[in-house]
Amino acid sequence: MNACFYVKTWRSNDGFLGDGSFAAGIRATELRPGRDRGTSLITGVSDAPFELLRWYFIEVDDDTGYDAAADVIARAMTQVHPATPVQANTKPTTVEQRDLLDDLDEVLGTERVRLADVPALLRDLAPTWGPYLALTGAQLRERLTELRVKTTNKGNVPRLDPADLRRAIADKATADLDDNE
């Protein structure tokens, strides 16, 4: 792999990017000083004859101890999934487990609700829980059917009655008790 920031002559260009690069149109001489600051031309990374790569300068001042990388690292660490080990010999944390029926029981009141409105309630309850992030009413209906929770369809609008949900939860608990005996 070769990389070259702005250079003035074709000889320098070919010295960094390989003989004949300038003649082949691979020209770091066309980068504009000041305007293309932090941009280099690179070869040997992909099948393309060349690519432009934008670099970023991370400020460090040994005299004051300032290191901008510490801020960048701190921001990046806030995006790491909790189950991802981030230090040597660190065991992964326990991944959160959720039960759809219990979560529905928690977010629903006593009145029937449109299934299309329920995914937003689940996202409010567990905003980082992956299965709820892109959940739609149609997907929820499929999942409830798998879990043997009755849904209704009035006026072509699928709905969930909290009483039907709670009945299914009770039936599941009874079945679990029978399985454990």
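The values are calculated or read from the model by the stated rules, or taken from the named source; none is laboratory data. Just so you know, these numbers come straight off a predicted model, no measurement behind them. No Cβ is skipped: glycine too gets one built from the backbone with ideal geometry, and neighbour counts run over all protein chains shown. Side chains are part of the model used for accessible areas, which takes the heavy atoms of the whole protein and leaves out ligands, DNA and RNA. Shrake-Rupley method; radii C 1.70, N 1.55, O 1.52, S 1.80 Å.
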Under 9 Å between Cβ atoms, at least 6 apart or on separate chains: pull out the pairs that start in region 121-140 with a residue that is among the charged types (D, E, K, R) and end on any residue that is open to solvent by 60 Å² or more (accessible area, probe 1.4 Å).
Arg123/Leu133
Considering region 154-170, residues that are at pLDDT 90 or above and open to solvent by 60 Å² or more (accessible area, probe 1.4 Å), and then whichever is nearest to the chain's Cα centre (by Cα), we arrive at Arg159
Gln87 meets each of (1) assigned to a helix (DSSP H, G or I); (2) exposed (fewer than 10 other Cβ atoms within 10 Å of the Cβ) with one exception, condition (1)
Any residue in region 149-164 that's closer than 12 Å to Gly137 by Cβ: show its pairings with residues that are open to solvent by 50 Å² or more (accessible area, probe 1.4 Å) and not in a strand (DSSP E or B) at Cβ separation under 6 Å, as long as the two are six or more apart or on different chains.
Thr151/Arg141; Pro158/Arg141; Arg159/Arg112
Would you be able to say whether some residue in region 108-127 is among the small types (Gly, Ala, Ser), under 32 Å from the mean Cα position of the chain (by Cα) and under 30 Å from Ala83 (Cβ atoms)?
yes
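For region 34-44, check the following and say yes or no: at least one residue is of a type outside the set (Gly, Ala, Ser), under 30 Å from Cys4 (Cβ atoms), modelled with pLDDT of 85 or more and open to solvent by 70 Å² or more (accessible area, probe 1.4 Å).
From region 34-44, those of a type outside the set (Gly, Ala, Ser) are 35-37, 39, 41-43; that's our starting set.
After this cut, where a residue has to be under 30 Å from Cys4 (Cβ atoms) as well, the list is 35-37, 39, 41-43.
If we keep only those that are modelled with pLDDT of 85 or more as well, we get 35-36, 39, 41-43.
Cutting the leftovers down to open to solvent by 70 Å² or more (accessible area, probe 1.4 Å) gives us 35.
Scanning region 34-44, I find at least one residue that is of a type outside the set (Gly, Ala, Ser), under 30 Å from Cys4 (Cβ atoms), modelled with pLDDT of 85 or more and open to solvent by 70 Å² or more (accessible area, probe 1.4 Å), so the answer is yes.
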Any residue in region 70-83 that's farther than 20 Å from Gly130 by Cβ and without any contact (Cβ under 8 Å) to a residue 40 or more places away in the chain: show its pairings with residues that are in a helix (DSSP H, G or I) and open to solvent by 60 Å² or more (accessible area, probe 1.4 Å) at Cβ separation under 7 Å, as long as the two are six or more apart or on different chains.
none
Members of region 159-173 found to be over 15 Å from Glu111 (Cβ atoms) and either of a type in the set (Lys, Arg) or in a strand (DSSP E or B) (or both), listed by number
Arg167, Lys172
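Going by the structure shown, is Glu146 within 29 Å of His81 (Cβ to Cβ) and over 26 Å from the mean Cα position of the chain (by Cα)? Don't jump to the end; show me each part of the working.
Values: within 29 Å of His81 (Cβ to Cβ): yes; over 26 Å from the mean Cα position of the chain (by Cα): yes.
When the stated conditions are applied, Glu146 passes them.
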Of the candidates Thr151, Thr145, Thr174, the one satisfying the condition of being exposed (fewer than 11 other Cβ atoms within 10 Å of the Cβ) and of a type outside the set (A, V, I, L, M) is Thr174
Here is a check on your reading of the model: is Glu96 closer than 30 Å to Pro82 by Cα, open to solvent by 70 Å² or more (accessible area, probe 1.4 Å) and either part of a helix (DSSP H, G or I) or at pLDDT 90 or above (or both)?
no
